[in-house]
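*Asks:* Handing you a structure now.
The values are calculated or read from the model by the stated rules, or taken from the named source; none is laboratory data. In this text the structure is predicted, and so the values were computed from the model without any measurement. Counting neighbours? That spans all protein chains shown, and the Cβs are built from the backbone with ideal geometry, glycine included. Only protein heavy atoms, including side chains, enter the accessible area calculation; ligands, DNA and RNA are left aside. Shrake-Rupley method; radii C 1.70, N 1.55, O 1.52, S 1.80 Å.
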There are 2 protein chains.
Amino acid sequence: MIDLKPVRGTRDFYPAELRLRHWLFDIWRGTARQFGFEEYDACVLESEALYVRKAGDEITGQLYNFDDKGGRRLALRPEMTPTLARLILQRQRALQFPLKWFSIPQCFRYERMTRGRKREHYQWNLDVIGQPGNVAEVETISALIASLEAMGLTAEHVRLHLNDRRLLTAVLERAGVPEEHHLPVMVVMDKRDKIGGEQLEALLGEQGLSGTQVRRIDEFLAMSSLEEVKTALGGDTPAVAELEALQELLGRVGFGDWVGFDITVVRGLSYYTGTVFELRDRSASLRAICGGGRYDSLLSAFGGDPIPAIGFGFGDVVILELLGDLGLLPQLGTDLDYVVIPFSEAQVPAALELSQKLRRKGLRVDADFALRKLKRALQRASEIGARRAVLLMPDELERGEVVVRDMAKREERRVAMEAFLEE
Amino acid sequence: MIDLKPVRGTRDFYPAELRLRHWLFDIWRGTARQFGFEEYDACVLESEALYVRKAGDEITGQLYNFDDKGGRRLALRPEMTPTLARLILQRQRALQFPLKWFSIPQCFRYERMTRGRKREHYQWNLDVIGQPGNVAEVETISALIASLEAMGLTAEHVRLHLNDRRLLTAVLERAGVPEEHHLPVMVVMDKRDKIGGEQLEALLGEQGLSGTQVRRIDEFLAMSSLEEVKTALGGDTPAVAELEALQELLGRVGFGDWVGFDITVVRGLSYYTGTVFELRDRSASLRAICGGGRYDSLLSAFGGDPIPAIGFGFGDVVILELLGDLGLLPQLGTDLDYVVIPFSEAQVPAALELSQKLRRKGLRVDADFALRKLKRALQRASEIGARRAVLLMPDELERGEVVVRDMAKREERRVAMEAFLEE
């Protein structure tokens, strides 16, 4: 017997699970389209070079990478943003900016599995490219929150934790951390929740930070309001004003309740340059549901012109766990207008023909050729969610009649085949 | 500058190309659902062991395979049927047969690229599992042809070439080929169109066939009607009767014109056991559009109980080329109810707020924050396919009014913001 399990860390989607995935994707896709975003896609296979970065991004060590039969160094994409950058740079002259694009790619990371973390997941990516300033933030975050509303979530269930890399930069400057260490230090700071204080201090020490500097940073990270940080930084820090303006605009479009300042949000990817945010459940029992931010220098880092950009990635695993915990997952069944049921070989050709005629009318029709007894056949018709059954009984069919049964009402009527097809 | 091209043999889907792909997938998905099929999916990463077979299947040499960081031998799936078999065997006791399942997986094969052949493609897989006899063939082939009709194709454009492995077995028996050579000989015969007669004879020679045997087989393969084969085989060959009955049923459901017998259809995969078919364009200028057949022993080969099964794989590459050649590709644009346009910074917050209010009504709304001049802004509104534009002019907005423009009619009207939102 072959191994029947999926590859460790990957998932099978039987029809019931796939219906749920489609439900989620339909919300993502529908929301994105409602906000005027267009969908793109690319192959899950990319050149490994796309993911080789400085600053110790975790993902570089978590790649599914290999040589193809032509000696090319390839990787399964761990995230979509580098692919998005590649697509944009490839047609930079022909594309009309700003672009509002989204995608629902599958992404792979080889990492230790915990609750809400597998080795593959699908991820709604939504990005605005070529639009500077806060409006792109507002449009992106609004689309995110609109999708949450469509799932039945409220601001009581989840919270968008908002921060700005420029604010963190100001904090590091205040702590006397030299600029060339800012990026690697932020990547370490992002691990703050996952590793202990000692390990964090050791890692920051490796980046040349003194104990005093680490404590100074910790003081900032313990501050819970933007007011407090503003006062501690003193004077006008532009990042503070930006964050205030963004929160003001998010309030104006009706999403103020969903959003709060959180100086501990860093995000692990080295390419963020401004706004960063994470969506978390209020009880904080799960990993971040969604994360994103502004990455104005990614395109130029890849060799193109600088283009402002902001976006997020929203995975399918954690949100489905949260919705399950909250009892918000929908009950999704199959949906059939008719099941056509012959009871012996003699009626099989007529059943095929009738099914096809009903389908030509645009109806969803299954036919049951198992030649079961009536009771068992009707039981199965219920199980597969058929609204009506058409019973092809030998005597009735002989007279050109069929029996149509309403499965919910348990009502049957005899009707001439021709009249039935005219209905 | 990084390499901006997709990995060789893979494709990028910019919005225009993805709209086309969605159009095709929607036809596949819609047809399958209309026929009562349920969708499943699995990860593109599988254990390599799933594809290691006897009989020299081409795909084994064309795998994208590698070791993961845990030393597992993995492959990107080259086809979906082994995954389907794995899913069924995993829940064989719990599943209710017959199953009518479909999927639209991406599949990978490392091979030489020619027209209509890339290294990845999406493939509509539709299968009936646990239903013996011709009804499963009729349902499967009917769904296939219904999808072609939905694409605008007719029996003038394409033809379903129908054969049966059992008929080929009878031919090989007649030519005196020992049974243990049947499978590898069929895999070689499948290459008949691609390689020359000499190379074919050499490959068949390797399987122990004499020149006389090869010529005997060639005589059969040159026969163009089932009648002729029937006469040459003499007596009652069961496979002939099965093929006749199947064609009769396909005629009865209205698809007789689309289907014809073709003894040269073999299919390259070693697991087929009965009916085999290929869809080809009438001018035969392209590769096979779709191929499938009955594989009653695959599940038992994987270690499960024997379960009858039939299905097909229908790739996205060749069909889109054919539809393009025939001028049958649809013109697909974006679809926006409104684009909201502010003309200076002062109106931006109002534009964000208005956009969000319109979206809450279920409308599809983009907002253009580029602060262009009126003429240029309207030009872009046309380009992105907006039906109406809402212009936020400073003076009008001051008075609580907006200007709504019907883009097609080029008609504008001034209306109070509140009244507009009530519409």
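*Asks:* What average number of partner chain Cβ atoms lie no more than 10 Å from the Cβ of the residues making up B:30-41? Could the numbers behind the result be given before it?
*Replies:* On the way: counts 2, 1, 0, 4, 10, 7, 15, 4, 8, 7, 7, 10.
Per residue, the number of nearby Cβ atoms from other chains is 6 on average.
*Asks:* May I have the pair-distance distribution P(r) for region A:328-387, computed from all Cα-Cα distances with 5 Å bins from 0 and rounded to whole percent?
*Replies:* Going from the shortest bin to the longest, the percentages are 4, 19, 25, 22, 17, 6, 4, 2, 1, 0.
*Asks:* Could you give the size of the charge dipole of region B:338-422 about its Cα centre, using +1 on the Cβ of each K and R and -1 on the Cβ of each D and E, expressed in debye and rounded to the nearest 20? Present the calculation step by step, with values, prior to reporting the outcome.
*Replies:* On the way: 18 positive and 14 negative charges, 89 e Å.
Approximately 420 debye in magnitude.
*Asks:* To continue, here is another question. Roughly what % of Cα-Cα distances in region A:1-132 sit above 17 Å, to the whole percent?
*Replies:* Beyond 17 Å sits 68 percent of the P(r) for region A:1-132.
*Asks:* Sticking with this one: For residue B:69, list the lysines whose Cα falls under 16 Å from its own Cα; do not include residues on the same chain fewer than 8 positions away.
*Replies:* Within the straight-line cut-off, residue B:69 pairs with A:118.
*Asks:* In what order, largest first, do A:335, B:127 sit by accessible area if the probe radius is 1.4 Å? Mind dumping the intermediate values first?
*Replies:* Working: A:335 60, B:127 0 Å².
Final ranking, largest accessible area leading: A:335, B:127.
*Asks:* Taking the Cα centre of region B:61-195 as the origin, how large is its charge dipole in debye, to the nearest 20, when only Lys and Arg (+1) and Asp and Glu (-1) carry charge on their Cβ atoms? Numbers along the way, then the final one.
*Replies:* Numbers: 21 positive and 16 negative charges, 119 e Å.
Here the size comes out at about 580 debye.
*Asks:* Per residue, what accessible area does region A:338-422 have, given a 1.4 Å probe and all protein chains present, in Å²?
*Replies:* Details: 4310 Å² over 85 residues.
Accessible area per residue: 51 Å².
*Asks:* Calculate the mean, over all residues of peptide A:12-22, of how many other protein chain Cβ atoms lie within 10 angstrom of the residue's Cβ. Could the numbers behind the result be given before it?
*Replies:* Working: counts 9, 7, 12, 8, 2, 2, 6, 2, 0, 2, 3.
Partner Cβ neighbours, averaged per residue: 5.
*Asks:* I'd like to check one number: the per residue accessible area of region B:15-325, probe 1.4 Å, reported in Å² as a whole number.
*Replies:* Working: 11100 Å² over 311 residues.
Heavy-atom SASA per residue in region B:15-325 reads 36 Å².
*Asks:* From the residues B:394, B:377, B:348, which one has its Cα farthest along the dipole of region B:338-422 in the positive direction, the dipole being from +1 and -1 charges on Cβ of Lys/Arg and Asp/Glu about the Cα centre?
*Replies:* Of the options given, the answer is B:377.
*Asks:* Going by a 1.4 Å probe on protein heavy atoms, which residues of region B:248-292 end up with at least 30 Å² less accessible surface in the whole assembly than in their chain alone?
*Replies:* Residues of region B:248-292 that lose at least 30 Å² of accessible area once the other chains are added: B:249, B:252, B:253.
*Asks:* Can I ask one more? Give me a single rounded figure for A:359-370: the average over its residues of other chain Cβ atoms within 10 Å of their Cβ.
*Replies:* Numbers: counts 8, 4, 0, 2, 1, 6, 3, 7, 6, 3, 10, 6.
Partner Cβ neighbours, averaged per residue: 5.
*Asks:* Rounded to the nearest angstrom and ordered from largest down, what semi-axes does the equivalent ellipsoid of region B:305-359 get from its C-alpha gyration tensor (root of 5λ)? The partial results should precede the final answer.
*Replies:* Working: eigenvalues 475, 87, 14 Å².
Semi-axes from the Cα gyration tensor: 49, 21, 8 Å.
*Asks:* Still on this structure, please answer the following. Under 25 °C and 0.890 mPa s, how fast does region A:280-406 diffuse according to Stokes-Einstein, given a Kirkwood radius computed over C-alpha pairs? Answer in µm²/s, whole number.
*Replies:* Details: Rh = 19.3 Å.
Translational D for this selection: 127 µm²/s.
*Asks:* So how much accessible surface do A and B hide from each other in total, probe 1.4 Å, in square angstrom to the nearest 100?
*Replies:* Buried: approximately 8300 Å² between B and A.
*Asks:* Residue A:283 versus residue B:2, label points 7 Å from Cα toward the beta carbon: distance in nm?
*Replies:* 3.9
*Asks:* How large are Rg and Dmax for region A:128-190 when calculated on the C-alpha trace, in angstrom?
*Replies:* Taking only Cα atoms of region A:128-190, I get Rg and Dmax of 16.1, 46 Å.
*Asks:* Leaving ligands, DNA and RNA out of it, report the carbon-plus-sulfur percent of the accessible area of chain A at a 1.4 Å probe.
*Replies:* Details: 8060 of 16940 Å².
Carbon plus sulfur share of accessible area: 48 percent.
*Asks:* With both bridge residues required to lie in region A:338-422, what share of the DSSP beta bridges run antiparallel, to the nearest 5%?
*Replies:* Values: 10 of 18 bridges.
Taking every DSSP beta bridge with both residues in region A:338-422, the antiparallel ones total about 55 percent.
*Asks:* What's log10 of I(q)/I(0) for region B:338-422 at q = 0.12, 0.21, 0.24 Å⁻¹, Debye sum over Cα points only, no solvent?
*Replies:* Debye curve over Cα of region B:338-422, log10 I(q)/I(0) at q = 0.12, 0.21, 0.24 Å⁻¹: -0.29, -0.96, -1.30.
*Asks:* Using a 1.4 angstrom probe on the protein heavy atoms only, line up B:194, B:118, A:373 by accessible area, largest first. Before the final figure, lay out each step's value.
*Replies:* Working: B:194 125, B:118 80, A:373 165 Å².
I get A:373, B:194, B:118, largest accessible area first.
*Asks:* Where both partners of a DSSP beta bridge lie in the protein assembly as shown, what percent of those bridges are antiparallel, to the nearest 5?
*Replies:* Working: 102 of 130 bridges.
About 80 percent, rounded to the nearest 5.
*Asks:* Give me the dipole magnitude in Debye, nearest 20, for the protein assembly as shown about the Cα centre, with unit charges on the beta carbon: positive for Lys and Arg, negative for Asp and Glu.
*Replies:* On the way: 114 positive and 128 negative charges, 62 e Å.
The calculated dipole for the protein assembly as shown is roughly 300 debye.
*Asks:* Follow-up question, since we're still on this one. If N is the number of residues in the protein assembly as shown, what value comes out of its Cα radius of gyration divided by 2.2 N^0.38 Å? Let's see the in-between values first.
*Replies:* Details: Rg = 30.6 Å, N = 846, 2.2 N^0.38 = 28.5 Å.
After normalising by residue count via 2.2 N^0.38 Å, the value is 1.07.
*Asks:* Given only helices, namely DSSP H runs of n ≥ 4 each adding -39500 (n - 2.57), what is the per-residue ellipticity at 222 nm of the protein assembly as shown, to the nearest 500 deg cm²/dmol?
*Replies:* Taking each H run of at least 4 residues, the total per residue is -11000 deg cm²/dmol.
*Asks:* Give me the orientation-averaged projected area of the Cα convex hull of chain B, in nm², one decimal. Working shown, then result.
*Replies:* Numbers: hull surface 113.0 nm².
Its average projected convex-hull area is 28.3 nm².
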